[in-house]
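One structure is given below, encoded as structure tokens.
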Ligand code: SF4
Ligand code: SF4
């Protein structure tokens, strides 16, 4: 009988440190540009908090800005989480998907 506490059998740990399918789709791509619509950005900071590589910061006018675009891994979290649809992650053509 399999001990559910053994490594690989714990339901609680299976998602830890992993990306879901949607995140993986973005993660294989190369960034072309992070388009931030400053008129739509309300400065909530959600994208800043969710970005795993600290690419984004709020500027002096409380608008999201890409301060370290070279660190972007194209996970798409900022675009997916922005409640105001103010960020678009543009991927280099020739990426693996879509
Ligand atoms: S999540 Fe959207 S609205 Fe909020 S700071 Fe980021 S870009 Fe602006
Ligand atoms: S796509 Fe991911 S890594 Fe790139 S800025 Fe958005 S949240 Fe950060």
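If you go through the stretch 46-62 and keep only what is in a loop (DSSP other than H, G, I, E, B) and in contact with a helix residue (DSSP H, G or I) (Cβ under 6 Å, 6 or more places away or on another chain), you end up with 51, 53, 55.
When residue 65 is tested against the conditions (1) surrounded by 14 or more Cβ atoms within 10 Å (Cβ to Cβ); (2) assigned to a loop (DSSP other than H, G, I, E, B), the lone failure is (2). Scanning the stretch 72-90 for residues that are under 13 Å from residue 37 (Cα atoms) and in a helix (DSSP H, G or I) returns 78, 79.
The residues listed here are 41, 47; of these, the one that is in contact (Cβ under 8 Å) with a residue 40 or more places away in the chain, over 24 Å from residue 20 (Cα atoms), within 9 Å of ligand 1 (Cβ to nearest atom) and surrounded by 18 or more Cβ atoms within 10 Å (Cβ to Cβ) is 41. The set of residues from the stretch 63-78 being at negative phi and touching a helix residue (DSSP H, G or I) at 6+ places or on another chain (Cβ under 8 Å) comprises 64, 73, 75, 77, 78.
Does residue 38 meet the test of being in a loop (DSSP other than H, G, I, E, B) and modelled with pLDDT of 95 or more? So residue 38 fits the description; yes.
The values are calculated or read from the model by the stated rules, or taken from the named source; none is laboratory data. No experiment lies behind these values; they were computed from the predicted model shown. All Cβ positions, even for glycine, are placed from backbone atoms using ideal geometry, and neighbour counts span all protein chains on display.
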